[in-house]
Structure formats: structure tokens, C-alpha cells
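Enquirer: Okay, here's the structure, questions in a sec.
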Amino acid sequence: MPQRDVMDKLVSLGKRRGFIFQSSEIYGGTGSVWDYGPLGIELKRNVKESWWSRMVHRRADVEGVDASVLMHPRVWEASGHVEGFTDPLVECRRCKLRFREDQLAAGRCGKKPSRAPGDHGACELGEARRFNLMFRTFMGPVEDEGSTVYLRPETAQGSYVNFLNVQMASRQRIPFGIAQIGKAFRNEITPGHFIFRTREFEQAEMQFFVEPGTDEEWFERWLSDRLAWHRALGVRADRLRLHEHGPDELAHYAKKAVDIQYRFPFGWSELEGIHNRTDFDLRRHAEYSGKRLLYIDSGRGQRFLPYVVETAVGVDRTVLMLLADAYREEEVGGVERVVLSLDPGMAPVKAAVFPLVKKDGLPERARAIAGELRKAALPVFYDEAGSIGRRYRRQDEAGTPWCITVDGETNRDGSVTIRDRDTLVQERVHASRVHAWMRERLEGRG
Ligand code: ATP
């Protein structure tokens, strides 16, 4: 299957099964913003919970915060975003389409190949101008320069400005980190590839504050830990690789940056960035706010500005990676099926429960099993509509790892069948053991 087609198929599967809808679709849609449906929100929550568990709950040296989207406007002057968070925008005088000049150079401008200048041979590109990617709005009733605020383009700054608050309140000692998951907004010139590049998205970022001199070692530790997380999500290892930024790519604040890339259907692209940001952010915030942001090491009688190693991953890009990696079209027993082979830990619905037929008390038994699993906080789906084959297909497309069927034998010996989505093997398990059977297989996943 051509990889480009996979993206179109994911968009249509996303809508059909309730993963992802176009925002404000009944009005014709909004440019590059998407809504998560019932299955999509579960998948996204699983991604975020897996990240939070690994980055915060399972460590003693990382604390969480949830900073606001709107911040003091000086934050963005200090961070360099007001001045420098720009992309070079070029416009074609004929077709009026706009492109990012740096992407033209890489030969991947425009959303679709047919929209790329040169394809129709007639594009007349104007001069590049710098376009600031931050969304601006106004705080309070007066819309003037003095009330300008920005929707944050990254969550990181909320962690820097709270560095001392968190350190003192939690009595952490360096090295320690601040983790955050939240919305970010960028007025991207060329959004696209479904939820890969959107104007409203979610980031999971962690800022790790270390003593200067230990930053390079921490960088390597975090890089390998983050790569291990992506692998643990169950994606194919040969579709993950590292890309180190050369001197021309490196952001002004960074001493070193390595991207974790995934081979999306449209090519290798960034999923996560690991950055050595030195003391740039704390130094700038100290300068712009006039506050001392030094860390006091009372044990050694020293004060210093910590260096920061940042890990920054896009939640939506991770969801797209999981969908693209899991999507398969296969033939089973002469019948075509679409299946999402998501890791059970990530799957939105863990099991579907079916009565084989709608009689002999089977629906009641099946409902009771579904009810027990729900009580144990496992998301399950009950379905009695249509042939068993069709019910399996619906669950295959939703990525549900197990289908539990109640049949005539259940009435005789209390056992049910559990069908594995990937191997299609059916196992008979006593109804009272189903919960434990699933827990054993979900243990330690994600
Ligand atoms: P890109 O080069 O793709 O624009 P970036 O280097 O600007 O990304 P960062 O500022 O490092 O990205 O942000 C960290 C992560 O946030 C990225 O690795 C990506 O997963 C995610 N991200 C950034 N911009 C977007 C966007 N417009 N839509 C969805 N996710 C995004």
C-alpha cells in the first residue's frame, strides 16, 4: 500500500470510528485544528498517562505543574519568542499560496504536491518576510498594545518561571525536573499531515535542572530514556531514529539538540526534541524580571544558575505515530480486514463483550461480564448488533485487543471465548477469570 494513501485512510478511519474529527466540520472545518472523538480521547489519555507515569510517578526527582496558557507578556520577550519565533513566509504573486521558505529549500513545501510552486511551473515567489507564529490576543476590555497577551507557543516557560516556587515547595535538590502536559498554539504557515502539524496542539515537556558541568551526561541519560519510552509504546523499532542538529539548525539557546524521529507515511519527521538549553532561560528570566533565580546549595555553600536539559514531545504527533504504526490491511480467511494493532496498553477499548446470539440468556450474561470489567475501571464495549464477523471487524478497526464471546457453552460450564485481535487465536477462559486474565496481559504495559 503506498504510504501516502495511509494518511488518507487514517483520516477516514479516524472519522468513521470516532478517533478524530475535523474541528467545526458542519461549518466547513477550521484550518488545521482537530477534535478528538470517543476513541481518540482514550488513546490520547493513554499516551499522556504513560508519559506522566514514567516521567513523574515513577521517579523521585521530577515534579509536575500545570501552568496557565496566558502568561505575562514579558515572558515571551525574555524567552526570545517576540523577537525570534518567526518563520520566513513567501507568497506566490500568481496563485497567492503561502509557503515556508525553509521548507521550499528542502523541497517539501505546500500541503499537497499539487500545491507546491514549480509543480504548475508558474509560481512567482515574492521576498521572504518574517512571520511571528504566536497567536496574539488582548487581556481585559481595552484592545491596545498595552493589553496584548499571547497564547503560549510552548509549555516550557511555565516551568521556568515557576522554578523556585516548585523547588522550594517540594524541597527538591538539584538535579531535579519539572514536567508539564498542556496545550500550545502556533500560527503555523504550512500546517498539515492531519494531526502532525496543527495550530492548536498538546505538548508533554520536562525541564531538568542540573549543575553546569553535569549537563552533557544528563543529556545522554534523558535521550536514551525518552527513546526507550517510544519503544515501550510498541511501535516498530526500525521506524525510530535520532537526528542530531548541525550548527546551522541549532536554536540560539541550545548547546546540543537531538530529535527523535519517526518514519511517518510522509517521511522521517520529528516526534520529540531533547535540548541542552544551558542556563539561557533562567538567566533571561532573572534579567527581565529583576528576580534572583539562583539555586542555593546550602550543603556546599554555593549558589549557581542551573543548566536545563529539556525533553519536548508532541502528544498529537505521538497519537499519529501510534495510529500510523498500527494500521494494517490484511486478508483473513478470504475476507479483507482493516486492523489497528495497537499495544493493549494504548488501546482505547480493552475488550469487547458479545453474546453469540440474542437468546438463551446470553445477552444478560454478556452484559454482566461487561459490567464487572467496567467496575474494575477497564474500558469495554458491549455489542450484540449484527453477525459475529461484523462485530469482530468493528473492533479490529478500533484496535480492541480482545473480544469476549458468550455462547451456548457458557450456559453449560461458565466459560467464554477470548479472541486475540492479532493472532485470531481463541482461548476458552472461565467467566470469573476474565478480569484476572486481562490484568495479567495489561500489567506493565504502556
Ligand atoms: P517542527 O520543527 O516540526 O516545527 P519544533 O522543533 O518547532 O517542531 P519544538 O518547539 O521542539 O518543535 O516542540 C516540541 C514538540 O512539540 C515537537 O517535537 C512536536 O512533537 C510538537 N509540535 C511542535 N509544533 C507542533 C505543531 N504545530 N503541531 C503539533 N505538534 C507540534
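The values are calculated or read from the model by the stated rules, or taken from the named source; none is laboratory data. Since this is a predicted model, take the numbers as computed values, not measurements. Counting neighbours? That spans all protein chains shown, and the Cβs are built from the backbone with ideal geometry, glycine included. Keep in mind that these areas ignore ligands, DNA and RNA; they rest on the heavy atoms of the full protein, side chains included. Shrake-Rupley method; radii C 1.70, N 1.55, O 1.52, S 1.80 Å.
Each row is one residue, and each column tells you yes or no for (1) within 16 Å of the ligand (Cβ to nearest atom); (2) modelled with pLDDT under 95.
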{"site": "SER298", "(1), (2)": "no, yes"}
{"site": "LEU305", "(1), (2)": "no, no"}
{"site": "GLY314", "(1), (2)": "yes, no"}
{"site": "TYR327", "(1), (2)": "no, no"}
{"site": "SER341", "(1), (2)": "no, no"}
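Enquirer: Residues that are surrounded by 15 or more Cβ atoms within 10 Å (Cβ to Cβ), free of Cβ contacts under 8 Å to residues at least 40 places away in the same chain and either charged (D, E, K, R) or touching a strand residue (DSSP E or B) at 6+ places or on another chain (Cβ under 6 Å) (or both): does region 431-444 have at least one?
Expert: Looking through region 431-444, at least one residue is surrounded by 15 or more Cβ atoms within 10 Å (Cβ to Cβ), free of Cβ contacts under 8 Å to residues at least 40 places away in the same chain and either charged (D, E, K, R) or touching a strand residue (DSSP E or B) at 6+ places or on another chain (Cβ under 6 Å) (or both).
Enquirer: Scan region 365-381 residue by residue and report those that are within 22 Å of ASP422 (Cα to Cα) and surrounded by fewer than 19 Cβ atoms within 10 Å (Cβ to Cβ).
Expert: LEU378, PRO379
Enquirer: For ASP281, indicate whether it is within 16 Å of the ligand (Cβ to nearest atom), over 17 Å from THR198 (Cα atoms) and in a helix (DSSP H, G or I).
Expert: yes
Enquirer: Among the residues of region 32-43, are any more than 30 Å from ASP396 (Cα to Cα), out of contact with any helix residue (DSSP H, G or I) (no Cβ under 9 Å at 6 or more places or on another chain) and not in a strand (DSSP E or B)?
Expert: Looking through region 32-43, none of the residues is more than 30 Å from ASP396 (Cα to Cα), out of contact with any helix residue (DSSP H, G or I) (no Cβ under 9 Å at 6 or more places or on another chain) and not in a strand (DSSP E or B).
Enquirer: Would you be able to tell me the number of residues in region 8-30 that are surrounded by 13 or more Cβ atoms within 10 Å (Cβ to Cβ) and modelled with pLDDT under 95?
Expert: Here the count works out to 2.
Enquirer: Looking only at residues in region 49-66 that are among the aliphatic types (A, V, I, L, M) and assigned to a loop (DSSP other than H, G, I, E, B), which one is surrounded by the most Cβ atoms within 10 Å (Cβ to Cβ)?
Expert: Among residues in region 49-66 that are among the aliphatic types (A, V, I, L, M) and assigned to a loop (DSSP other than H, G, I, E, B), the one surrounded by the most Cβ atoms within 10 Å (Cβ to Cβ) is VAL65.
Enquirer: Give me the helices (runs of 4 or more DSSP H) completely within region 139-251, filtered to those with at least 1 residues that are within 12 Å of the ligand (Cβ to nearest atom), ordered by residue number.
Expert: Working: elements: 156-161, 163-170, 215-232.
Qualifying helices (runs of 4 or more DSSP H): 156-161, 215-232.
Enquirer: Give the residue that is farthest from ARG74 (Cα to Cα), with candidates limited to residues of region 271-290 that are surrounded by fewer than 16 Cβ atoms within 10 Å (Cβ to Cβ) and without any contact (Cβ under 8 Å) to a residue 40 or more places away in the chain.
Expert: Going through region 271-290, the residues surrounded by fewer than 16 Cβ atoms within 10 Å (Cβ to Cβ) turn out to be 283, 287-290.
If we keep only those that are without any contact (Cβ under 8 Å) to a residue 40 or more places away in the chain as well, we get 283, 290.
Numbers: ARG283: 14, GLY290: 12 Å.
My answer is ARG283.
Enquirer: Name the residue that is least open to solvent (accessible area, probe 1.4 Å), counting only residues in region 252-270 that are more than 12 Å from the ligand (Cβ to nearest atom) and within 19 Å of GLY213 (Cβ to Cβ).
Expert: So the residue we want is LYS256.
Enquirer: While we're on this one: For region 255-264, which residues satisfy the criterion of being assigned to a loop (DSSP other than H, G, I, E, B) and either modelled with pLDDT under 95 or over 30 Å from GLU83 (Cβ atoms) (or both)?
Expert: Result: no residue meets the conditions.
Enquirer: I need the full set of residues from region 349-377 which are over 20 Å from ARG428 (Cα atoms) and not in a helix (DSSP H, G or I), in order please.
Expert: Matches in region 349-377: VAL349, LYS358, LYS359, ALA376, ALA377.
Enquirer: How many of the residues in region 393-430 are outside any loop (DSSP other than H, G, I, E, B) and either out of contact with any strand residue (DSSP E or B) (no Cβ under 6 Å at 6 or more places or on another chain) or open to solvent by 30 Å² or more (accessible area, probe 1.4 Å) (or both)?
Expert: Qualifying residue count for the region: 13.
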